[in-house]
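Worksheet for the structure shown next.
The values are calculated or read from the model by the stated rules, or taken from the named source; none is laboratory data. Note that the coordinates shown come from a computational prediction; the quantities given were computed from them, not determined experimentally. Neighbour counts are summed over all protein chains in view; Cβ atoms, including those assigned to glycine, are modelled from backbone coordinates with ideal geometry. The protein model used for the area step is the full one, side chains on, heavy atoms only, and it has no ligands, DNA or RNA in it. Shrake-Rupley method; radii C 1.70, N 1.55, O 1.52, S 1.80 Å.
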Amino acid sequence: MNYAGQKATMRTYHFYQIDVFTEHKYGGNPLGVFPDAAGLSDEEMQLIAFELNLSETTFVFPPQDARANHKVRIFTPVMEVPFAGHPTIGTHFLLAELGRFELHSSPTRVWQELSIGVLPVDIEHENGRVTRVTMTQAQPHFLSELADLDALAQALRCRSEVFDVNFARPQVVSTGLPFLMIPVASLDALKELSVDAPLLRTLCEQHGCKMTYAFARETFSGSADVHARFLSGHLEFEDPATGSAAGALSAFLVQNGVHGRQDDNRFLIEQGHFIKRPSLIQSQVIVHEGEIEKVLVSGSCCRVFEGDFEV
């Protein structure tokens, strides 16, 4: 990155901004994508992500693993993360639109290399147009249960009675990243939650995570199954659509006896409505011989704009 007083040759990198988990611009979760990032250093990628100030920015490189089509690195404004949902969906939507893959049958499967390994991504298309992207998440891990509801209520500035413990107790679940799942009794109660960052940060650290995903089984749309909110004391923003958390939530629902509208472990998850970025996340939980085997998360995207970034 060039600073005042430094003399260096400028390099230009083309980037795109994509709205993910929406069929309309200005909804969903914005994502920055650099489809040709070779030559950028770790420091440069972190500074670019900080400058764009989106929840995540992705950088695409040639693969190091021969099984993969490409390598993707994901940065928030403050750190690199090993895995995330909306960056995976948005990055592969763009790469497919740019013609980086030969789209034959629908879906066409491609493979992305991440720091956690090589994972498949399925791209659905119709008459050359990308319609939906599906990522495969890891087999879920059901981790720490939270016993102290009063401490959670203090961290979310609410009464402990708003937590729907008749459905399930709050629990950390991971399909790649750990989230504290928090059942809430109603949409109104969900809307009123707010974060006491130091308290929530401490509570999450005690339970081995950095992020929470609060949800109600009451929704705005009659076709949706749950409405969710991403809340964190570490990342002090509210994410409008969180694919990694949606996958973990879907596994949590199945684990607690909810199997979707058609009893087939498919879910439609709303998010972002309270911050005027309505999003829809589709998911499916694959169960084999009574055990959850893997989780699929899908969504649509819109390309919003593109530009050049000088480094």
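Key figures
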read-out: Hey, residue 107 open to solvent by 50 Å² or more (accessible area, probe 1.4 Å), closer than 16 Å to residue 45 by Cβ, without any contact (Cβ under 8 Å) to a residue 60 or more places away in the chain and not polar (S, T, N, Q) or not; value: no
read-out: Strands (runs of 3 or more DSSP E) contained entirely in region 265-305, each with at least 3 residues that are more than 24 Å from residue 120 (Cβ to Cβ) and of a type in the set (Lys, Arg); value: none
read-out: Residue within region 259-279 that is more than 20 Å from residue 214 (Cβ to Cβ), of a type in the set (Gly, Ala, Ser) and either open to solvent by 60 Å² or more (accessible area, probe 1.4 Å) or in contact (Cβ under 8 Å) with a residue 40 or more places away in the chain (or both) present; value: no
read-out: Check on residue 75, surrounded by fewer than 21 Cβ atoms within 10 Å (Cβ to Cβ), at pLDDT 95 or above and among the aromatic types (Phe, Trp, Tyr); value: no
read-out: Qualifying position, being more than 30 Å from residue 261 (Cβ to Cβ), polar (S, T, N, Q), touching a helix residue (DSSP H, G or I) at 6+ places or on another chain (Cβ under 9 Å) and open to solvent by 10 Å² or more (accessible area, probe 1.4 Å), among 219, 202; value: 202
read-out: Qualifying position, being part of a helix (DSSP H, G or I), open to solvent by less than 20 Å² (accessible area, probe 1.4 Å), without any contact (Cβ under 8 Å) to a residue 24 or more places away in the chain and small (Gly, Ala, Ser), among 153, 96; value: 153
read-out: Residue list for region 3-26, filter: open to solvent by less than 50 Å² (accessible area, probe 1.4 Å) and either at pLDDT below 95 or out of contact with any Ser or Thr (no Cβ under 7 Å at 6 or more places or on another chain) (or both); value: 13, 15, 16, 17, 18, 19, 20
read-out: Complete set of residues in region 112-128 that are open to solvent by 90 Å² or more (accessible area, probe 1.4 Å) and modelled with pLDDT of 90 or more; value: 126
read-out: Failed condition for residue 304, given (1) more than 18 Å from the chain's Cα centre (by Cα); (2) at pLDDT below 95; value: (2)
read-out: Meets criteria (within 23 Å of residue 276 (Cβ to Cβ), modelled with pLDDT of 95 or more and within 21 Å of the chain's Cα centre (by Cα)) for residue 30; value: yes
read-out: Qualifying residue in region 138-145 (condition: modelled with pLDDT of 90 or more, buried (at least 18 other Cβ atoms within 10 Å of the Cβ) and assigned to a loop (DSSP other than H, G, I, E, B)); value: yes
read-out: Filter result for residue 244 (hydroxyl-bearing (Ser, Thr, Tyr), modelled with pLDDT under 95 and surrounded by 23 or more Cβ atoms within 10 Å (Cβ to Cβ)); value: yes
read-out: Single residue of region 283-301 satisfying the filter (farther than 14 Å from residue 90 by Cα and of a type outside the set (A, V, I, L, M, F, W, C)) that is surrounded by the most Cβ atoms within 10 Å (Cβ to Cβ); value: 283
read-out: Filter result for the condition that a residue is within 22 Å of the chain's Cα centre (by Cα) and either β-branched (Val, Ile, Thr) or within 30 Å of residue 303 (Cβ to Cβ) (or both), over 165, 130; value: 130
read-out: So residue 254, is it touching a strand residue (DSSP E or B) at 6+ places or on another chain (Cβ under 7 Å) and open to solvent by 10 Å² or more (accessible area, probe 1.4 Å); value: yes
